[in-house]
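Asker: The structure under discussion is supplied below as structure tokens; questions concerning it will follow.
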């Protein structure tokens, strides 16, 4: 998969701050299948933004059939000013951990947005391979970290490195305050693996994350 053209950030305007006084709002969809911890990942992301980065954040969770093993969807909006509409029609970034999730929600990615996929679980059509696509073997890295179940946390590390949606320290603090006691080092290790993978991928593609 090819990278972004030029040296711009993966989240180019309208999401990134341009001139002083312009609010930075980022809309993120997280999707996968039941049991992957997509809802937990969304909660950690929103918590990192609202509590540890001092920004505004909203979270919308899909219920109904999506909550019973189908494609799970969580919508997280993060902004520097009050969020008046929490539903996401056009996403700046999509974190995708299942083929069904991509099929259902991939079309919501705005032009120029970043698509982050679990590359062993999601296959893209040829028409999307030249876009802003970033792949990571999250499940494999989770196993290396200690447990397959922390693949969602690997994906969060990848998301933070590639998009800069929240600060690394904020996300790490949100992990520590959210995951069960005794699993913080496991989860932080998973996050670090995803973050490093994202940094290396940006470097390979000559992309400046700032």
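Just so it is clear, none of the values below were taken in a lab; they were calculated from the coordinates. Given the structure is predicted, the values throughout are model-derived calculations rather than measurements. Heads up, the Cβs are rebuilt from the backbone with ideal geometry, glycines too, and the neighbour counts pull from every protein chain shown.
Asker: Could you check the spin-label model distance between residue 126 and residue 168? Points 7 Å from the Cα along Cα→Cβ, value in nm.
Answerer: If labels sit at residue 126 and residue 168, their model points lie 3.9 nm apart.
Asker: Starting with the highest mean, order 147-159, 24-36 by the number of other Cβ atoms within 10 Å, averaged over the residues of each peptide.
Answerer: 147-159, 24-36
Asker: Where does each of 199, 144 land when they are ranked from fewest to most other beta-carbon atoms within 10 angstrom?
Answerer: Listed from fewest to most nearby Cβ atoms, that is 144, 199.
Asker: Hey, fewest Cβ within 10 Å first, where do 79, 98, 103 land in order?
Answerer: By the 10 Å Cβ count, ascending, the order reads 103, 79, 98.
Asker: Hey, another quick one. So if I take the centroid of the Cα atoms in region 81-119 and the same for region 136-166, what is the distance between those two points in Å?
Answerer: What the calculation gives is 17 Å, centre to centre.
Asker: Could you tell me the extents of region 127-210's C-alpha atoms along the three principal axes, largest first, rounded to whole Å?
Answerer: Computed over region 127-210, the largest-to-smallest principal extents equal 42, 25, 19 Å.
Asker: Among bridges DSSP assigns within region 44-164, what percent are antiparallel (round to 5)?
Answerer: 40 percent
Asker: For residue 176 and residue 89, compute 0.36 nm times the residue count separating them, minus their Cα-Cα distance, and round to one decimal in nm.
Answerer: Contour length minus Cα-Cα distance gives 28.2 nm.
Asker: List the equivalent ellipsoid semi-axes of region 26-204 in whole Å, largest first, each obtained as the square root of 5λ for an eigenvalue λ of the Cα gyration tensor.
Answerer: So the three semi-axes of region 26-204 are 21, 20, 17 Å.
Asker: Test of understanding: extend the Cα→C-beta vector of residue 81 to 7 Å, then name every residue of region 24-46 with backbone N under 15 Å from that spot.
Answerer: 24-26
Asker: Further question on the same structure: What is the list of residues in region 155-181 whose amide nitrogen lies under 12 Å from a point 7 angstrom out from the Cα of residue 147, following Cα to Cβ?
Answerer: Answer for this model: 179-181.
Asker: Additional query: Any idea what the alpha-carbon Rg over 2.2 N^0.38 Å comes to for region 85-165?
Answerer: 1.09
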